[in-house]
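Quick notes on the structure that follows.
The values are calculated or read from the model by the stated rules, or taken from the named source; none is laboratory data. A quick note: this is a predicted structure, and the numbers were derived from the prediction, not measured. Cβ placement follows ideal geometry from the backbone for every residue including glycine, while neighbour counts extend to all protein chains displayed. What goes into the accessible areas is simple: the full protein's heavy atoms, side chains included, and nothing from ligands, DNA or RNA. Shrake-Rupley method; radii C 1.70, N 1.55, O 1.52, S 1.80 Å.
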Amino acid sequence: MGQSSSFPEAPAEHGHREISTSRRFSFKPMPILSSSPVQPDEEHDFYEEVAHGRDYTADLPDECLASIFHFLGSGDRKQSSLVCHRWFRVDGQSRHRLSLKAQAGLLPFLPSLFVRFDSVTKLALRCDRKSISLDDDALVLISIRCKSLTRLKLRGCREITDLGMASFAQNCKGLKKLSCGSCMFGSKAMNAVVEHCTALEELSVKRLRGVQDGSEPIGAEMASSSLKSITLKEILNGQCFGPLIVGSKNLKTLKLIRCLGDWDRVLEKLGNGYRGLIEIHLERLQVTDLGLSGISKCSNLEVLHIVKAPECSNFGLICVAEHCKLLRKLHIDGWRTNRIGDEGLIAIAKECPNIQELVLIGVNPTSLSLTAIASNCQKLERLALCGSGSIGDAEFACIAAKCVALKKLCIKGCPISNVGLEMLAWGCPSLAKIKVKKCRGVSGEAAEWLRERRGSLTVNWDAGEIGSIDPSGCASGAVESGMEFQMDHVAVAIAPSSSNGPLALFRTKFGFFSGRSFVPCTFRRWPVNESSSSGNS
């Protein structure tokens with residue numbers, strides 16, 4: 001819906017008209033479907049209106065025009081709002097999402113900005129590292145202008161303090177979602193949000209610099225009854241969120257990613273008499289089987305991710321299997337420590353028949369556990385095996401023969417050959433897509449043969465070079481339509497930083513989990529084709 005530099009001409013019998021280039025719109029005459037033929041007089045009137053530059057959108061109500069704007073992308077919508085005063089007004093009144101570069105120089109323009117955009121309910125403020133961000137005064141002004149704000153995202157707003165967040169929380173009590181990253185406020189700000197924003201449903205905190213050792217507990221005095229999702233990422237003292245996590249009785253999703261400290265105590269309290277959690281993600285945490293045994297008390301758990309938690313073993317996984325019988329999705333990145341293997345996976349197969357999605361990275365299952373999973377988990381539709389030295393042709397034959405419901409399969413960095421791949425020509429009748437990557441024993445000819453043999457099967461093959469296994473490629477190929485494999489590199493090099501900031505301290509402290517006696521060679525990258533025992537180490 002932009003301006004056009006060309007204009008339709010009137011029919012020859014009416015003569016050529018001089019058309020002003022100052023007109024806002026022009027339309028090409030389009031055929032109109034009608035049961036009766038168009039009369040000459042009607043056609044003449046139509047061309048007369050076009051020639052005089054009539055604005056046909058003037059006949060549309062503001063609500064219809066606003067609905068059309070919602071289908072436009074951000075850039076097109078900005079340009080459309082400059083077409084005329086009416087479009088400018090309708091765009092401002094109907095825009096509910098707004099993203100701003102939150103630099104200090106924006107402060108003088110905020111009043112007029114929110115006079116125009118007076119219906120904003122979702123606001124994002126982002127500031128880069130080299131700029132000075134908006135401060136408390138700006139945030140308070142925004143909270144006064146946007147009383148109906150329901151979602152707020154803060155990125156790099158380092159000038160906002162506990163005081164500014166507290167004032168914001170008092171003015172925007174209807175806030176439902178808060179996401180903040182690389183900010184400087186701390187526990188007092190979080191407590192103010194929990195106290196005043198009683199409708200808060202989602203809380204996402206990443207690299208919150210003000211939360212450090214000695215910070216006051218969050219949510220200790222007033223637990224949230226509305227919180228449904230909590231995500232904590234790269235926080236130095238994430239345990240101060242423990243009271244909030246444990247006290248949020250309606251919590252459904254908990255994601256703890258690269259947060260320092262011992263999390264066993266929090267997870268043990270989480271399971272005491274609390275069964276509402278449905279989804280839990282644990283990634284690069286200092287958590288042991290005690291933490292998993294606490295999680296196992298959440299009997300309604302359906303989704304569990306255990307990623308690079310080297311102290312979790314078969315024992316903890318067995319506890320989860322025995323009590324969380326509704327489990328549907330299980331992701332395990334064993335970091336090739338061999339602490340999780342056949343014993344834990346067989347328990348999952350016996351106790352969790354509803355498994356639909358299984359991702360194993362750096363884990364070495366054998367045909368024993370794969371047979372149990374294929375036989376008992378009849379609903380298994382998505383399977384990914386990455387960086388496993390024990391997955392060969394025999395294990396692949398087991399998958400092909402018994403995984404009758406399997407729809408998507410990803411194999412990456414496993415020692416299978418053309419013989420194993422060719423078994424899929426007769427097995428897995430429901431298979432719709434397979435991705436084979438960095439498997440040296442599989443050739444392009446075998447992949448092409450399988451594609452021709454099963455015409456409806458999508459086959460993605462990539463020989464690649466065997467190095468550190470990155471399961472993300474496997475994720476994108478094996479899973480589509482609403483399912484994601486969120487994984488990191490299996491091989492990770494941890495090096496000290498020359499910086500002295502808090503993030504450098506985080507990286508240094510996280511290297512081998514302070515307070516734990518780990519053997520450094522445990523985390524060394526192993527060759528992909530090296531076979532290992534799947535029992536407990």
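Observations
- Pair list, Cβ < 9 Å and 6+ apart or interchain, from the stretch 74-95 residues that are touching a residue at least 24 places away in the same chain (Cβ under 8 Å) and closer than 18 Å to Ala58 by Cβ to residues that are of a type in the set (Asp, Glu) and open to solvent by less than 20 Å² (accessible area, probe 1.4 Å): Ser80/Asp91
- Odd one out for Ser229, checked against (1) in contact with a Ser or Thr (Cβ under 6 Å, 6 or more places away or on another chain); (2) open to solvent by 30 Å² or more (accessible area, probe 1.4 Å): (2)
- Tabulated pairs, the stretch 220-245, first small (Gly, Ala, Ser), second assigned to a loop (DSSP other than H, G, I, E, B) and surrounded by fewer than 20 Cβ atoms within 10 Å (Cβ to Cβ), C-beta under 6 angstrom, 6+ apart or interchain: Ser226/Ala199; Ser226/Glu201
- Flag for Val490 being open to solvent by less than 50 Å² (accessible area, probe 1.4 Å), modelled with pLDDT under 50 and not aromatic (Phe, Trp, Tyr): yes
- Residue list for the stretch 333-381, filter: of a type in the set (D, E, K, R) and either over 27 Å from the mean Cα position of the chain (by Cα) or at positive phi (or both): Arg336, Arg339, Asp342, Glu343, Lys350, Glu351
- Residue in the stretch 296-326 that is surrounded by the fewest Cβ atoms within 10 Å (Cβ to Cβ), counting only those that are under 27 Å from Lys408 (Cβ atoms) and touching a His at 6+ places or on another chain (Cβ under 9 Å): Val303
- Single residue of the stretch 327-353 satisfying the filter (open to solvent by less than 10 Å² (accessible area, probe 1.4 Å) and touching a helix residue (DSSP H, G or I) at 6+ places or on another chain (Cβ under 7 Å)) that is farthest from Leu301 (Cα to Cα): Gly341
- Residue, farthest from Ser248 (Cα to Cα), within the stretch 200-216, restricted to residues that are hydrophobic (A, V, I, L, M, F, W, C) and at pLDDT 95 or above: Val205
- When each of Glu322, Glu268, Glu343 is tested for being of a type in the set (Asp, Glu) and either part of a strand (DSSP E or B) or under 20 Å from Gly238 (Cα atoms) (or both), the lone residue that passes is Glu268.
- Index of the failed condition, Ser375 passing every other in (1) crowded, with 16+ Cβ neighbours inside 10 Å; (2) within 26 Å of Glu351 (Cβ to Cβ): (1)
- When the helices (runs of 4 or more DSSP H) confined to the stretch 146-252 are screened for residues that are closer than 15 Å to Leu123 by Cβ and among the hydrophobic types (A, V, I, L, M, F, W, C), those reaching at least 3 such residues are found at 162-171.
- Odd one out for Phe88 among (1) at pLDDT below 85; (2) open to solvent by 20 Å² or more (accessible area, probe 1.4 Å): (1)
- Taking the stretch 102-123 as the range and being of a type in the set (D, E, K, R) and at pLDDT below 95 as the test, the residues that pass are Arg116, Asp118.
- Leu450 being open to solvent by less than 30 Å² (accessible area, probe 1.4 Å) and part of a loop (DSSP other than H, G, I, E, B): no
- Across the stretch 102-143, the number of residues qualifying as open to solvent by less than 50 Å² (accessible area, probe 1.4 Å), part of a helix (DSSP H, G or I) and within 18 Å of Asn171 (Cα to Cα) comes to 10.
- Check on Asp55, at pLDDT below 80 and closer than 30 Å to Arg116 by Cβ: yes
- Any chance Cys298 is part of a loop (DSSP other than H, G, I, E, B) and at pLDDT 95 or above: no
- Search result, residues across the stretch 355-372 that are closer than 16 Å to His305 by Cα and of a type outside the set (Gly, Ala, Ser): Ile355, Gln356, Glu357, Leu358, Val359, Leu360, Ile361, Val363
- Taking the stretch 378-395 as the range and being touching a Ser or Thr at 6+ places or on another chain (Cβ under 7 Å) and open to solvent by 10 Å² or more (accessible area, probe 1.4 Å) as the test, the residues that pass are Ser390, Asp393, Ala394, Glu395.
- Within the stretch 361-376, residues that are under 22 Å from Thr337 (Cβ atoms) have Cβ atoms under 6 Å from residues that are of a type in the set (A, V, I, L, M) and in a strand (DSSP E or B) in these pairs: Val363/Ile332, counting only partners at least 6 apart in sequence or on another chain.
- Residue selected from the stretch 428-443 under the condition surrounded by fewer than 21 Cβ atoms within 10 Å (Cβ to Cβ) and modelled with pLDDT of 90 or more, by the criterion nearest to Leu360 (Cα to Cα): Lys433
- Residue tally, condition out of contact with any Leu (no Cβ under 6 Å at 6 or more places or on another chain), under 22 Å from Asp333 (Cβ atoms) and aliphatic (A, V, I, L, M), over the stretch 412-438: 2
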